[in-house]
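The values are calculated or read from the model by the stated rules, or taken from the named source; none is laboratory data. Only a predicted model underlies this, so the values are computations on that prediction, with no experimental measurement involved. No Cβ is skipped: glycine too gets one built from the backbone with ideal geometry, and neighbour counts run over all protein chains shown.
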Amino acid sequence: MMGGGLGIQMIKDRIIKEIKKGSIAFLIFYPLLMSYIYFSTTNSDEYLAAVKYLSENQRIATEIGKIEDISLSLFGIKIRKTDNDSGQAKFVLKVSGTKAKAKYRFFLLKVNGIWQEANLLN
């Protein structure tokens, strides 16, 4: 009977060891993945098109004032599909202005190689 208990403890110890290994791998991999997604998105043509749209939009300027900061919401990245001259992207931008802060959800279409604001939801 003692041997059976020892075997179960060894199995439990092995499971805990494997969970710790997985947790360490997750803690290393997840931040790297999120950093890659963030930087590849913020350097993309569609992100720059959305920032330009926000900067030039008079309605947004009226709502939040002069834009001071625009950042990508990591949990707002939904879709990014491109195929040469066409594509679509969905994401959320956090915008800080002199009067207020807001989040804007974008749906952009790429037509003939040019990203166009297709839908802005607030």
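Exactly one of (1) more than 30 Å from Ala100 (Cα to Cα); (2) among the charged types (D, E, K, R); (3) in the same structural domain as Trp115 (by TED's automatic domain parsing) is unmet by Lys20. Its number? Unmet for Lys20, out of (1) more than 30 Å from Ala100 (Cα to Cα); (2) among the charged types (D, E, K, R); (3) in the same structural domain as Trp115 (by TED's automatic domain parsing): (3). At least 1 residues being among the aliphatic types (A, V, I, L, M) and exposed (fewer than 14 other Cβ atoms within 10 Å of the Cβ) is the threshold, and among the strands (runs of 3 or more DSSP E) wholly inside the range 22-122 those reaching it are 79-83, 101-111, 114-121.
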